[in-house]
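First comes the structure, then the notes that go with it.
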Amino acid sequence: MAGKALIAGATGLVGGFLVRHLIASKLFDELIVVIRKGAKFHSDSVSVVEIDFDHMMDFKEIIKVDVVFCCLGTTMKKARTKDRFYQVDYIYPYELAKLSYNNGAKQFNIITASGASSRSFFYYNRVKGEIENAISQIGFESVNIFRPSLLLGKRNEKRIGEQAGAAVAKIINPFLRGAAKKYRAIQAETVAKAMIHVSQQAHKGVLVLQSDVIQEYGQL
């Protein structure tokens, strides 16, 4: 697929793998990585641009691309407040989606989470479901929504809860079968590979991929 692709969230676990595999794939003529001011990310193979996500319109000329990969997201613990969490996990992806669509983007790929639902009792999952709904209604030719379960991989910062979860996942993953397979923990690199593979499909409309399906695409 020729053209330009933009990656947001490249400093995260999945985003880092995504950039690496997109570079290797040579599917796009140009790759643009947008990072928040002060974030550390360097690559000689992509255009890295610092932007202020609170004033995204100031960078509208940069966000003229064909395909967007959105890996933006935080945790309630890191965000500290619901307002900050909402800002990172809803407002930023939505503003990015609107601006890229208005600039001609045809496809939007986004990572949310297993259990995402606008009707969820849990605030985290509810916000994830709300952003799914909002982006699906913007008008893109293609929207790919990835709902991974617990992400496995080495992070720059320590997350004690996730480390414990990963240890448990190694034990219980083999026992999650049938409909329960979508709850299996998944390697972040597998998610990145799946995002690239699915982005190359010619389908129209909104596609929601649970963790088990992501696993299948990531192994192709």
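The values are calculated or read from the model by the stated rules, or taken from the named source; none is laboratory data. Quantities reported herein were computed from a predicted structural model and do not represent experimental measurements. Here the Cβ positions follow ideal geometry from the backbone for every residue, glycine too, while neighbour counts run over all protein chains shown.
Overview of results
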quantity	calculated
Near pairs, Cβ below 8 angstrom, 6+ apart or cross-chain, from segment 122-148 (within 17 Å of residue 214 (Cα to Cα) and crowded, with 19+ Cβ neighbours inside 10 Å) to any residue that is at pLDDT 95 or above and acidic (Asp, Glu)	145/132
Strands (runs of 3 or more DSSP E) within segment 1-99 that include 2 or more residues touching a residue at least 60 places away in the same chain (Cβ under 8 Å) and either aliphatic (A, V, I, L, M) or surrounded by 15 or more Cβ atoms within 10 Å (Cβ to Cβ) (or both)	4-8, 67-70
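Yes/no matrix, rows are residues, columns are (1) under 21 Å from residue 142 (Cα atoms); (2) touching a strand residue (DSSP E or B) at 6+ places or on another chain (Cβ under 8 Å); (3) crowded, with 18+ Cβ neighbours inside 10 Å; (4) not hydroxyl-bearing (Ser, Thr, Tyr):
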| site | (1), (2), (3), (4) |
| --- | --- |
| 184 | no, no, yes, yes |
| 188 | no, yes, yes, yes |
| 191 | yes, yes, yes, yes |
| 195 | yes, yes, yes, yes |
| 199 | yes, yes, yes, no |
| 203 | yes, yes, no, yes |
| 207 | yes, yes, no, yes |
| 211 | yes, yes, yes, no |
| 215 | yes, yes, yes, yes |
